[in-house]
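Encoded as structure tokens, the structure appears first; notes follow it.
The values are calculated or read from the model by the stated rules, or taken from the named source; none is laboratory data. What you are looking at is a predicted structure, and each value in this text was computed from that prediction instead of being measured. Glycine also receives a Cβ, built like all others from the backbone with ideal geometry; neighbour counts cover every protein chain displayed.
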Amino acid sequence: MKKLITVLTLLLITASPAFAGLKEGAEAYLKGDYKTALKEFQPVAQLGSPIAQYAIGDMYFNGFGVKKNYAEAYKWYRKAAKHGLAEAQYNLGYMYDNGLGKAKDHKKAVMWYRRAAMQGYASAQNSLGIIYFEGRKAPKSYSKAFKWFSKAAKQGVAESQFNLGLMYQRGYGVKKDYTKSAGWFRKAAYQGHTDAQRALGAAYAIGYGVEKDFVLAYTWLDVVNSKQDSKKIKEIMDDLKGAMTPAQLTEAERLSRKFRAKKKESIWRTMSPFDTPGK
């Protein structure tokens with residue numbers, strides 16, 4: 001959904017008269033006037049506009065202005081995908097992967113994910129990484145998983161960043177490297193990825209890949225604890241409290257509050273209050 005809005009916004013900036021009605025459809029869609037958007041998109045889609053085809057598919061997939069219909073969404077996504085639109089190719093892969101509008105078919109899911117991934121579509125790259133990492137929908141291959149996670153991680157996909165951290169931590173397909181592991185955990189943690197925050201907190205508590213720092217360990221674990229009630233996390237935090245001075249605990253709680261106050265991923269991604277380790 002977010003990707004489609006970006007595409008339509010760019011369309012308004014660069015619109016050409018090649019497909020009359022496309023701009024009007026985009027304007028209506030962005031305003032939430034889906035009935036008008038559908039009316040404007042349909043003739044343009046019939047003429048072969050992949051953006052209009054994709055937009056109609058998205059409307060049927062989500063039930064925007066129409067009754068939700070996965071089969072109809074599939075039909076329009078496929079038209080756009082055949083024109084090479086990476087977003088539509090990814091969505092076809094997702095539908096085959098999850099049995100939406102079509103029976104589950106992991107081979108076709110991988111095929112469409114790959115087509116989108118080869119165009120640099122980050123979500124598809126992440127999906128391929130997961131498939132090869134788990135080995136349930138395609139033969140397990142840590143080298144392929146690492147390849148696709150790396151591509152997606154460089155584009156800022158938090159899940160891929162976390163998974164790279166995990167692979168470096170455990171030596172899956174790569175030589176163990178705790179420093180690189182902590183680095184990838186940190187990137188994902190700044191985006192609000194809970195598992196990465198937990199892993200980074202543990203790394204600071206133990207000193208794996210980073211200098212041991214109980215302030216930062218407590219901070220990250222407190223952030224995690226604010227999102228999920230975990231007895232294990234609380235036990236570790238209690239142990240850390242016993243090894244910290246009152247001043248250190250106050251600083252850790254301050255940093256945790258600062259992070260918890262920032263809910264938007266864009267803020268998580270850009271802020272780095274931990275440049276100076278706690279003393």
* Structure fact -> The correct count of residues that are under 18 Å from S127 (Cβ atoms) and among the acidic types (D, E) in region 152-193 is 1
* Structure fact -> In region 76-121, anything in a loop (DSSP other than H, G, I, E, B), over 27 Å from L38 (Cβ atoms) and touching an Asp or Glu at 6+ places or on another chain (Cβ under 8 Å) is listed as K104
* To do: Report whether or not W268 is in a helix (DSSP H, G or I), at pLDDT below 95, in contact with a Gly (Cβ under 6 Å, 6 or more places away or on another chain) and among the hydrophobic types (A, V, I, L, M, F, W, C).
  => yes
* Structure fact -> Per the list (1) among the charged types (D, E, K, R); (2) surrounded by fewer than 22 Cβ atoms within 10 Å (Cβ to Cβ); (3) in a helix (DSSP H, G or I), residue check on R198 breaks on (2)
* Would you check if N69 is polar (S, T, N, Q) and surrounded by fewer than 23 Cβ atoms within 10 Å (Cβ to Cβ)? => yes
* Asked: From the list L216, L240, L200, L249, which one is closer than 30 Å to K144 by Cβ, out of contact with any Asp or Glu (no Cβ under 8 Å at 6 or more places or on another chain) and at pLDDT 95 or above?
  -> L200
* Hey, can you tell me all the residues within region 17-40 that are of a type in the set (A, V, I, L, M, F, W, C), under 22 Å from R78 (Cβ atoms) and in a helix (DSSP H, G or I)? => L22, A26, A37, L38
* Asked: In the list D213, D177, D222, which residue meets the criterion of being closer than 24 Å to G129 by Cα and touching a residue at least 24 places away in the same chain (Cβ under 8 Å)?
  -> D177
* Asked: Hey, among M244, M237, which residue is among the aliphatic types (A, V, I, L, M), more than 24 Å from the chain's Cα centre (by Cα) and not in a helix (DSSP H, G or I)?
  -> M244
* Options A145, A188, A109, A153; residue that is more than 14 Å from the chain's Cα centre (by Cα), surrounded by 17 or more Cβ atoms within 10 Å (Cβ to Cβ) and more than 25 Å from F61 (Cα to Cα) -> A145
* Qualifying residues in region 80-106 (those that are of a type in the set (F, W, Y) and in contact with a Ser or Thr (Cβ under 8 Å, 6 or more places away or on another chain)) - the one surrounded by the most Cβ atoms within 10 Å (Cβ to Cβ) -> Y90
* To do: Could you tell me whether any residue of region 60-69 is aliphatic (A, V, I, L, M) and either on the phi > 0 side of the Ramachandran plot or in a helix (DSSP H, G or I) (or both)?
  => no
* Asked: Has region 126-141 got at least one residue that is over 24 Å from Y208 (Cβ atoms), in a helix (DSSP H, G or I) and among the small types (G, A, S)?
  -> yes
* Would you mind telling me which numbered condition in (1) within 22 Å of Y94 (Cβ to Cβ); (2) not assigned by TED's automatic domain parsing to the domain that holds I233 Q191 fails? => (2)
* Asked: What number of residues within region 131-186 are among the small types (G, A, S), closer than 20 Å to D97 by Cα and in contact with a helix residue (DSSP H, G or I) (Cβ under 7 Å, 6 or more places away or on another chain)?
  -> 5
* Asked: Which residues, taken from region 41-59, are among the hydroxyl-bearing types (S, T, Y) and either assigned to a helix (DSSP H, G or I) or surrounded by fewer than 21 Cβ atoms within 10 Å (Cβ to Cβ) (or both)?
  -> Y54
